[in-house]
Amino acid sequence: MSDKIIDPHVHFFNLTEGQYTWLQGSNPPAWPNLDKIKKQIVASELKAACPFQLEALVHIEAGFDNQAPINELNWLATHLDDIPYRAISYSPIDASPKQFEASLNKLEHPSLVGIRDITEGDEARRLLTPHCLDNLAFIAAENLHFEAQFEIENIQVTEQLIKYCTALPSLRVVINHLGFISDEQRWLEAIIKLSRCDNIAIKFSGLEFTQIATNKHLWLVNNLVKYFGEHRVMFASNFPVCQINTSYENCWQHYHSLCSLPSLWHQLSYKNAYEIYLIA
């Protein structure tokens, strides 16, 4: 069984130079272990905490500076100088096409592979706005992909995303955090719908945001593999947020326990992230 992994969903914080208003503003999240989550670490510490050989990672935008997200990419280039990585940056997906194109032009950086705009809860309505199709088309034309973070049980939004992916076959979309499962049957219905689009992949991450019992996690993995196939599912930690209820080490040990076949473990923990995120 391969010891090599790629973690495709990690956040590094620089609370001294960055803004992170969601984390250190007047209304931070009411998460357990928040002090541990906010602690700044370097890649070597993450590698040391990993029970496997952490070969590379994908940094997901974390709100360093939403007015000038290039600042986060520039900081990462100095902070992550000892591990191969790719970066997902931020741009508002419902901006006017002119504004969206201008924002992406300011993000030119060798590490950049995609864009995320969090659209959880009521914010999911922004994925229904007319500008989204044009902006997703521009993402695809720039050979970038879109990280979709919303509750997939919101079927109206899920079906709209499917329409975008059908209209734009060159667009690549990655669903973050399992699509935030709350109701197993509604979640599975959404998974089946989304899986029919070959240009959609999904991350097995964000378990800290669910109430699904640990003994159901294998059911989740089996259904993702059943419908998406082995090539469009990725294990990811969401570190340091995973520390709401587990350590980095235990997170990956748990993922490993969900794979009975070495070939499946290799696909979900390494190969798919390598190919989807164009790891050099």
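The values are calculated or read from the model by the stated rules, or taken from the named source; none is laboratory data. Keep in mind that this is a model prediction, so the values were computed, not measured. Note that each Cβ is placed from the backbone with ideal geometry, even for glycine, and that neighbours are counted across all protein chains shown.
Just wondering, is there one or more residues in the range 8-31 that are touching a strand residue (DSSP E or B) at 6+ places or on another chain (Cβ under 7 Å) and of a type in the set (Val, Ile, Thr)? Explain how you work it out, then say what you get.
Residues of the range 8-31 touching a strand residue (DSSP E or B) at 6+ places or on another chain (Cβ under 7 Å): 8-12.
Still in the list and also of a type in the set (Val, Ile, Thr): 10.
Checked the range 8-31: at least one residue is touching a strand residue (DSSP E or B) at 6+ places or on another chain (Cβ under 7 Å) and of a type in the set (Val, Ile, Thr).
Going by the structure shown, is residue 82 in a loop (DSSP other than H, G, I, E, B) and modelled with pLDDT under 95? Working first, answer last.
On the way: in a loop (DSSP other than H, G, I, E, B): yes; modelled with pLDDT under 95: yes.
Judged against the criteria, residue 82 is a match.
Out of the residues in the range 101-142 that are polar (S, T, N, Q) and within 22 Å of residue 64 (Cα to Cα), which is surrounded by the most Cβ atoms within 10 Å (Cβ to Cβ)?
Pass one, the range 101-142, residues polar (S, T, N, Q): 103, 105, 111, 119, 129, 135.
Then drop every residue that is not within 22 Å of residue 64 (Cα to Cα), which leaves 103, 105, 111, 119.
Numbers: 103: 19, 105: 9, 111: 18, 119: 23.
Restricting to residues being polar (S, T, N, Q) and within 22 Å of residue 64 (Cα to Cα), the top hit is 119.
Kindly indicate whether residue 277 is within 16 Å of the chain's Cα centre (by Cα), aromatic (Phe, Trp, Tyr) and crowded, with 17+ Cβ neighbours inside 10 Å. Give the derivation first.
Details: within 16 Å of the chain's Cα centre (by Cα): yes; aromatic (Phe, Trp, Tyr): yes; crowded, with 17+ Cβ neighbours inside 10 Å: yes.
In short, yes.
Say whether the condition of being within 20 Å of residue 236 (Cβ to Cβ) and small (Gly, Ala, Ser) is met by at least one residue in the range 154-174.
No, because not a single residue in the range 154-174 is within 20 Å of residue 236 (Cβ to Cβ) and small (Gly, Ala, Ser).
Answer yes if at least one residue in the range 149-159 is within 19 Å of the chain's Cα centre (by Cα), crowded, with 16+ Cβ neighbours inside 10 Å and either closer than 21 Å to residue 67 by Cβ or free of Cβ contacts under 8 Å to residues at least 24 places away in the same chain (or both), and no otherwise.
Narrowing the range 149-159 to residues within 19 Å of the chain's Cα centre (by Cα): 149-154, 157-158.
With crowded, with 16+ Cβ neighbours inside 10 Å added as a condition, the list becomes 149-154, 157-158.
Now drop any that are not either closer than 21 Å to residue 67 by Cβ or free of Cβ contacts under 8 Å to residues at least 24 places away in the same chain (or both), which leaves 149.
Checking the range 149-159: at least one residue is within 19 Å of the chain's Cα centre (by Cα), crowded, with 16+ Cβ neighbours inside 10 Å and either closer than 21 Å to residue 67 by Cβ or free of Cβ contacts under 8 Å to residues at least 24 places away in the same chain (or both).
Let me confirm something: among 194, 218, which residue is within 20 Å of residue 145 (Cα to Cα), in contact with a Ser or Thr (Cβ under 9 Å, 6 or more places away or on another chain), in a helix (DSSP H, G or I) and not polar (S, T, N, Q)? Write out each step before concluding.
Values: 218 fails: within 20 Å of residue 145 (Cα to Cα).
None of the others qualify; the one that does is 194.
When the residues of the range 236-274 are filtered to those that are assigned to a helix (DSSP H, G or I), in contact with a helix residue (DSSP H, G or I) (Cβ under 9 Å, 6 or more places away or on another chain) and hydrophobic (A, V, I, L, M, F, W, C), which remaining residue is surrounded by the fewest Cβ atoms within 10 Å (Cβ to Cβ)?
Out of the qualifying residues, it is 264.
Is it fair to say residue 60 is aliphatic (A, V, I, L, M), surrounded by 12 or more Cβ atoms within 10 Å (Cβ to Cβ), at negative phi and in contact with a helix residue (DSSP H, G or I) (Cβ under 8 Å, 6 or more places away or on another chain)?
No; evaluated as a whole, the condition is false for this residue.
Restricting the range 174-194 to residues that are surrounded by fewer than 20 Cβ atoms within 10 Å (Cβ to Cβ) and either within 20 Å of residue 267 (Cα to Cα) or under 19 Å from the mean Cα position of the chain (by Cα) (or both), which is modelled with the highest pLDDT?
Going through the range 174-194, the residues surrounded by fewer than 20 Cβ atoms within 10 Å (Cβ to Cβ) turn out to be 180, 182-186, 188-189, 192-193.
Subsequent filtering for residues that are either within 20 Å of residue 267 (Cα to Cα) or under 19 Å from the mean Cα position of the chain (by Cα) (or both) retains 180, 182.
Values: 180: 98, 182: 95.
Checking each candidate, the answer is 180.
Exactly one of (1) surrounded by 16 or more Cβ atoms within 10 Å (Cβ to Cβ); (2) among the acidic types (Asp, Glu); (3) without any contact (Cβ under 8 Å) to a residue 60 or more places away in the chain is unmet by residue 81. Its number?
(1)
Go through 73, 46 for me and flag whichever is in contact with a strand residue (DSSP E or B) (Cβ under 6 Å, 6 or more places away or on another chain), modelled with pLDDT of 95 or more, assigned to a helix (DSSP H, G or I) and aliphatic (A, V, I, L, M).
None of the others qualify; the one that does is 73.
Can you tell me which of 124, 141, 95 is at pLDDT 95 or above, within 23 Å of residue 58 (Cα to Cα) and among the small types (Gly, Ala, Ser)?
Numbers: 124 fails: within 23 Å of residue 58 (Cα to Cα); 95 fails: within 23 Å of residue 58 (Cα to Cα).
Result of the check over 124, 141, 95: 141.
Quick one: in the range 22-33, of everything that is touching a residue at least 12 places away in the same chain (Cβ under 8 Å) and surrounded by 13 or more Cβ atoms within 10 Å (Cβ to Cβ), which residue is nearest to residue 246 (Cα to Cα)? Give the steps one after another, and end with the answer.
The first filter runs over the range 22-33 and keeps only residues touching a residue at least 12 places away in the same chain (Cβ under 8 Å), leaving 22-24, 31-33.
Subset that is surrounded by 13 or more Cβ atoms within 10 Å (Cβ to Cβ): 22-24, 31, 33.
Working: 22: 22, 23: 19, 24: 22, 31: 13, 33: 10 Å.
Only one residue tops the list, namely 33.
Taking the conditions exactly as written (among the β-branched types (Val, Ile, Thr) and either crowded, with 18+ Cβ neighbours inside 10 Å or not in a helix (DSSP H, G or I) (or both)), does residue 202 satisfy them or not? Give the steps one after another, and end with the answer.
Values: among the β-branched types (Val, Ile, Thr): yes; either crowded, with 18+ Cβ neighbours inside 10 Å or not in a helix (DSSP H, G or I) (or both): yes.
Criteria met by residue 202.
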